[in-house]
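One structure is given below, encoded as structure tokens.
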Amino acid sequence: MRYHALAMDKRHYYFKLIAPRPTFPADITEQEKALMNEHGAYCEQQFAAGKLLAYGPVMAPGGAFGIAILEVADEAEAQQFGEDDPSVRAGMNRFEFLSHARGRRARQELMESLSSPPQRAGALARAAVRTQPAGNCVSHLIERHD
């Protein structure tokens with residue numbers, strides 16, 4: 001199991017990537033597929049750099065959207081993260097973000113849940129798989145390595 005530890009000197013933001021229409025991705029075009037591939041590569045790069053703690057799609061009844069937990073220096077960097085996303089730059093997707101308001105207590109709760117017994121991690125992994133049953137879940141809070 002692998003996850004990013006939280007840095008206490010950074011700020012955390014909930015990030016939402018807003019799809020171009022409620023029927024997306026069921027009716028995705030070839031051009032949109034290409035942009036979403038660029039978006040995926042961008043997210044992988046930001047995850048590797050430690051700016052994304054977790055991210056992935058949410059297939060909600062009212063329409064799909066993307067979520068992420070950002071760990072950045074400040075609000076300006078969170079804004080820049082969204083503006084630099086290739087799908088946003090191309091005008092396909094929009095975004096919004098909110099500051100993690102609960103502060104140190106919430107960070108401590110998250111760290112405790114991540115360091116608790118393996119059944120907790122298993123429950124998180126099962127929940128991630130349920131959101132994307134096709135087997136290509138892109139939630140990166142937990143990565144399994146056999």
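Regarding segment 76-94, can at least one residue be identified that is within 23 Å of His12 (Cβ to Cβ), in contact with a strand residue (DSSP E or B) (Cβ under 8 Å, 6 or more places away or on another chain) and of a type in the set (A, V, I, L, M)? Checked segment 76-94: at least one residue is within 23 Å of His12 (Cβ to Cβ), in contact with a strand residue (DSSP E or B) (Cβ under 8 Å, 6 or more places away or on another chain) and of a type in the set (A, V, I, L, M).
To keep it simple, each residue is scored yes or no on (1) modelled with pLDDT under 95; (2) within 21 Å of Leu17 (Cβ to Cβ).
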{"residue": "Asp85", "(1), (2)": "no, yes"}
{"residue": "His100", "(1), (2)": "yes, yes"}
{"residue": "Ala106", "(1), (2)": "yes, no"}
{"residue": "Glu112", "(1), (2)": "yes, no"}
{"residue": "Ser116", "(1), (2)": "yes, no"}
{"residue": "Ala121", "(1), (2)": "yes, no"}
{"residue": "Ile142", "(1), (2)": "yes, yes"}
{"residue": "His145", "(1), (2)": "yes, no"}
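In the set Asp27, Asp9, only one residue is part of a loop (DSSP other than H, G, I, E, B), under 22 Å from His100 (Cβ atoms) and of a type in the set (D, E, K, R); that residue is Asp9. Among the residues making up segment 47-63, those that are surrounded by fewer than 19 Cβ atoms within 10 Å (Cβ to Cβ) and without any contact (Cβ under 8 Å) to a residue 60 or more places away in the chain are Ala48, Ala49, Gly50, Ala60, Pro61, Gly62, Gly63. Test Ala54 against the criterion of being modelled with pLDDT under 95 and touching a Ser or Thr at 6+ places or on another chain (Cβ under 7 Å), and give yes or no. Considered against the rule, which asks whether it is modelled with pLDDT under 95 and touching a Ser or Thr at 6+ places or on another chain (Cβ under 7 Å), Ala54 comes out as yes.
The values are calculated or read from the model by the stated rules, or taken from the named source; none is laboratory data. Please read all numbers here as calculations on a predicted model, not as lab measurements. Backbone-built Cβ (ideal geometry, glycine too); neighbour counts: all protein chains shown.
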